[in-house]
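Input: a single structure, listed below in C-alpha cells.
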Amino acid sequence: MKKLLSVCLALAMLASLLTACGGKASEETTAPTAAATLEGTMEDLLNRVIAERPVEFAGGVTTLNLADTSEDGQWALKSYTGLEDASRITEAAVLEPMIGSIAFSMVMVRVAPGEDSKTVAEDMKAGIDPAKWICVSADDVMAAGYADVVMLIMLSSSLDMTAQSFVDAFQTVAGGELKFVI
C-alpha cells in the first residue's frame, strides 16, 4: 500500500513538473497588472511551487471542500487556512507531510471577487494554530499574495527549510513581484 501511494505521488509530482515547465514561458512574458490572476487551480499552483522548491518529506496536495459545512469540514478549514468560514475564498489546497510529527503546512487559497487578498492573508496568519500537531510546532510563519491568490506557509525552523524559500518559489511561479509578504 505504501509503495503504491509513493508511486502515485511520484507520478503526480512528475505531471505537475511537466505542467509547470510548459506554462512558464507565457507567465514570464506577461507583465502583472492590478487585475492579474494566476492561471490554474490551487492544487496546480501548489505543485508548481513544490517543483520550484522541493520538500524533503513524503506528502501530498489535497484540495479542500469549501462546501463542507459539517463539523469536520469546518475543523479542516480552520486547521489548514486559519479562517473561520469559507465565505471569502473560492478555492483552497494544502500540502502537508504524511507523517504528523513534521511541522509543515502550506496552503494556497483563491480570494473571492471583491475581497481584499491582504486582509484575508492577515486573518489566515492570525487564525492559524502553529502548534496544531502533536509534539511539534511551527515557528516560521509567512503569508504572501499575488493577485487573487494567497499562500500561507508555516514550518519548524528545525527543518532544513525556511518559509522565505517557499515565498521565493511562489514569486517565481507567479512570474512577477508579489503584492505583499507578511
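Details
- Extreme residue, most open to solvent (accessible area, probe 1.4 Å), among residues of segment 148-173 that are of a type in the set (Val, Ile, Thr) and under 20 Å from Glu43 (Cβ atoms): Thr172
- Residue pairs meeting the criteria (Cβ under 9 Å; at least 6 apart or on separate chains; first at positive phi, in segment 126-143; second open to solvent by 50 Å² or more (accessible area, probe 1.4 Å) and not aromatic (Phe, Trp, Tyr)): Cys135/Ser101
- Residue check: Val111 meets all listed conditions (1) surrounded by fewer than 17 Cβ atoms within 10 Å (Cβ to Cβ); (2) under 22 Å from Asp44 (Cα atoms) but one, namely (1).
- Options Ala36, Ala93, Ala12; residue that is modelled with pLDDT of 95 or more and touching a strand residue (DSSP E or B) at 6+ places or on another chain (Cβ under 9 Å): Ala93
- Answer from Thr90, Thr172, Thr81, Thr119 - the residue that is among the hydroxyl-bearing types (Ser, Thr, Tyr) and either closer than 17 Å to Arg48 by Cα or touching a Cys at 6+ places or on another chain (Cβ under 9 Å) (or both): Thr172
- Qualifying residue in segment 73-81 (condition: among the β-branched types (Val, Ile, Thr), modelled with pLDDT of 95 or more and either in a strand (DSSP E or B) or in contact with a strand residue (DSSP E or B) (Cβ under 6 Å, 6 or more places away or on another chain) (or both)): yes
- Any hit, segment 132-143, residues being within 14 Å of the chain's Cα centre (by Cα) and within 16 Å of Thr90 (Cβ to Cβ): no
- Whichever residue in segment 84-96 is in a loop (DSSP other than H, G, I, E, B) and not basic (Lys, Arg) and, among such residues, is least open to solvent (accessible area, probe 1.4 Å): Ala86
- The one condition in (1) under 28 Å from Asp160 (Cα atoms); (2) touching a helix residue (DSSP H, G or I) at 6+ places or on another chain (Cβ under 7 Å) that Arg110 fails to fulfil: (1)
- Considered as a group, the residues in segment 54-83 that are closer than 15 Å to Val107 by Cβ and open to solvent by 70 Å² or more (accessible area, probe 1.4 Å) include one that is farthest from the chain's Cα centre (by Cα), and that residue is Trp75.
The values are calculated or read from the model by the stated rules, or taken from the named source; none is laboratory data. This one's a predicted model, so the numbers in the text were calculated from it and none came from an experiment. No Cβ is skipped: glycine too gets one built from the backbone with ideal geometry, and neighbour counts run over all protein chains shown. When the accessible area is computed, the model is the full protein with side chains, heavy atoms only, and any ligands, DNA or RNA have been set aside. Shrake-Rupley method; radii C 1.70, N 1.55, O 1.52, S 1.80 Å.
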